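Each remark here refers to the structure printed beneath this line.
Since every read-out is calculated from the coordinates, none of them should be taken as a lab result. Computed from a prediction, not measured in an experiment: that's the story for all the values here. As a convention, Cβ positions derive from the backbone with ideal geometry for all residues, glycine included, and neighbour counts pool all protein chains shown.
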Amino acid sequence: MTRTTHSVAGELADWAVALQPSQDDLALAERSLKDTVAVALAARDERILPVAAPMSEAGRWAVASHILDFDDLHMPTTTHISTVCVPVALAVGGGAADYLAGAGVMARVGLLLGWDHYSSGWHATTTSGALAAAATAAHARGFDAEATARALALAVPAAGGVQRCFGTDAKSLQVGMAAEAGVRAADLVAAGATAEPAAVDAWLQLVGGRADALPFGSPDDAAVPDGLAIKLYPCCYAIQRPIATVASIAGSVDAASVRRVVVRTPGGTVTPLIHERPQTGLEGKFSVEYAVATALLDEHQGFWAFTDEAVRRPEAQRIVGLVERDLSEGGEWLLEGEVEVEIHTGPGSGGEPDDVHTTTMRFPPGSPQRPPTADELDRKLADCLQGLDVAPVDITWNSAADLLRHHLPT
């Protein structure tokens with residue numbers, strides 16, 4: 001590969017321009033398109049979408065695809081790749097190859113940022129997402145490597161976002177801001193703007209990344225290293241495993257008799273779960289305590305399970321108050337080690353010993369190690385598209401933008 005510069009932006013730009021997607025890459029792009037657009041359409045009645053009307057299409061569509069927290073995740077980098085790169089590709093008239101160029105840049109920037117960046121409180125989807133959006137738009141516009149590097153550098157001012165906003169509107173809004181900033185960066189380059197590609201190196205150093213360890217590997221490697229995890233529950237990925245773990249034995253547990261629940265897991269795996277006593281649906285999406293409650297109370301952890309009404313149920317709040325976190329040291333990704341859940345049940349009087357139900361899980365359904373089955377994916381898409389005259393087969397790179405324009409608020 002001929003490199004334009006020795007900067008990170010130059011390396012990333014050279015890779016993106018030279019990308020030749022494999023059939024596996026294209027299959028991932030197709031699944032990501034359907035999953036992301038279906039999730040965005042499911043959010044069509046969310047209160048925040050009219051509020052986001054002043055944003056560009058790329059920004060609004062990114063907000064829509066992220067607000068339900070049902071979008072896919074790149075596990076090694078803890079980034080929601082498709083919620084940025086699919087909306088941007090569609091908004092600029094791009095397709096699968098443009099999505100893959102941006103997705104590959106996002107994965108590689110995320111690897112440079114590393115777990116320490118995420119665990120220190122940054123929202124890695126937005127920090128890496130602004131550059132990924134620029135790469136997606138640049139690829140769709142046919143930029144050469146030099147122009148692409150400039151677009152990446154011009155996206156740096158938008159490469160921020162923090163986890164403290166999780167459980168509020170700001171989480172999805174800052175993803176939308178990153179998406180539209182990347183498109184704007186490409187627009188500015190097309191209009192003749194100059195930039196210093198080394199700005200990306202300087203930014204990486206400031207936010208704790210490593211500009212000296214760019215992880216490219218072989219040109220034959222997948223565009224998105226290690227693939228993407230598909231969520232089967234509309235909530236933060238960090239509680240996908242606890243929900244699945246508790247749900248696996250919920251049928252044998254009387255929720256009304258639960259007296260104590262202990263969740264044991266490496267501390268790093270609950271980094272984004274900042275709401276121990278959630279009171280809203282959004283807060284419930286970032287609560288291991290509520291994960292236990294919904295898994296015990298609800299047969300299907302679908303959209304209703306993460307509404308304000310569901311989270312505030314007296315029986316849910318009772319269980320939330322019984323959950324204890326027993327966190328071991330370490331954990332450098334969300335599926336580190338395994339989760340163990342210990343559920344104590346009993347009559348609650350007379351001094352009788354508790355019945356103890358214990359279960360563990362390493363990889364939840366939908367993770368790259370346990371890819372979703374066709375039935376699981378079909379159920380998710382059907383839930384998302386319920387009430388619409390839209391089928392998964394209708395969602396293509398040629399039709400998806402019009403579907404979003406027709407069904408989402410403007």
Exercise for the section: Using just the alpha carbons, could you tell me how many Å³ per residue the convex hull of region 151-278 encloses? Expected result: 183
Handout entry: Potential lengthening between V162 and E338 on full extension [0.36 nm per residue; Cα-Cα distance subtracted]
Key = 60.7 nm
Problem - Stokes-Einstein D for the chain, Kirkwood Rh over Cα pairs, 10 °C, 1.306 mPa s (µm²/s) - result: 74
Exercise for the section: Please turn the phi angles of region 271-276 into ³J(HN,Hα) values with the Karplus equation 6.51 cos²θ - 1.76 cosθ + 1.60 (θ = phi - 60°), one per residue in order, whole Hz, x for glycine and proline. Expected result: 3, x, 8, 8, 10, 7
Practice task
Taking the Cβ of A391 as the centre, find all other residues whose Cβ is under 12 Å away and add up their charges (Lys, Arg: +1; Asp, Glu: -1).
Solution key: -2
Handout entry: Reachable lysines, given that their alpha-carbon falls under 17 Å from the alpha-carbon of K171 and they are not under 8 places away in the same chain
Key = K285
Problem - In Hz, Karplus ³J(HN,Hα) per residue of region 374-383 (6.51, -1.76, 1.60; θ = phi - 60°; x = Gly, Pro) - result: 4, 5, 5, 5, 4, 5, 4, 4, 5, 4
Handout entry: Nitroxide proxy distance, nm - points 7 Å out along Cα→Cβ at L26 and D169
Key = 4.2
Practice task
Could you tell me the largest-minus-smallest coordinate of the C-alpha atoms of region 347-410 on each of the three principal axes, in descending order and whole angstroms?
Solution key: 64, 29, 20
Exercise for the section: Calculate how steeply helix 145-154 sits against the longest principal axis of the alpha-carbon atoms of the chain, using the helix alpha-carbon long axis, and give the answer as 0 to 90 degrees to the nearest 10. Expected result: 50
Practice task
Mind ranking 224-233, 132-141, 103-112 by how tightly packed they are, going by the mean number of other C-beta atoms within 10 angstrom, highest first?
Solution key: 132-141, 103-112, 224-233
Fill in the blank from the handout: The helix 169-190 Cα axis meets the longest alpha-carbon principal axis of the chain at an angle in degrees, between 0 and 90 and rounded to 10, of 10
Practice task
With all distinct Cα pairs included, what does the Kirkwood hydrodynamic radius of region 265-410 come out to in Å, to one decimal, could you say?
Solution key: 18.2
Practice task
Mind jotting down the three principal axis lengths of region 57-215 based on Cα atoms? Whole angstrom, largest first.
Solution key: 39, 33, 22
Exercise for the section: Mind listing the long-range amide H neighbours of V390? Cut-off is under 5 Å, sequence gap 5 or more, other chains count too, H placed in the peptide plane at 1.01 Å from N. Expected result: none
Problem - Cβ-Cβ FRET estimate between E376 and R47, R0 fixed at 22 Å, reported to 0.05 - result: 0.15
Completion exercise
Kirkwood calc, region 270-317, C-alpha pairs only, radius in angstrom 10.3
Problem - Cα centroid separation, region 220-262 to region 48-68 (Å) - result: 27
Practice task
Give the percent of DSSP beta bridges with both residues in the chain that are antiparallel, rounded to the nearest 5.
Solution key: 75
Handout entry: Proximal lysines relative to K34, as straight alpha-carbon distance under 22 Å, when same-chain residues fewer than 8 apart are discounted
Key = K231, K380
Problem - Gain on full stretching of the segment that runs from I249 to T360 - 0.36 nm per residue minus C-alpha separation - result: 38.9 nm
Completion exercise
Among T269, V292, V92, the residue whose Cα sits farthest towards the positive end of the charge dipole of the chain (+1 at Cβ of Lys and Arg, -1 at Cβ of Asp and Glu, taken about the Cα centre) is V92
Handout entry: Nearest 10 degrees, 0 to 90: helix 124-140 Cα axis against the chain principal axis
Key = 40
Completion exercise
The size of the Cβ-based charge dipole (Lys, Arg +1; Asp, Glu -1) of region 256-410 about the Cα centre, to the nearest 20 debye, is 240
Completion exercise
The ³J(HN,Hα) series, computed from each phi in region 91-98 with the Karplus coefficients 6.51, -1.76 and 1.60 at θ = phi - 60°, rounded to the nearest Hz and given as x for glycine or proline, is 5, 9, x, x, x, 4, 5, 5
Practice task
Using only the Cα atoms of region 316-385, construct the convex hull and provide its projected area averaged over every direction, in square nanometres to one decimal.
Solution key: 7.8
Practice task
Could you compute the FRET efficiency for L327 and V393, with r as their C-beta to C-beta distance and R0 at 45 Å, rounded to 0.05?
Solution key: 0.55
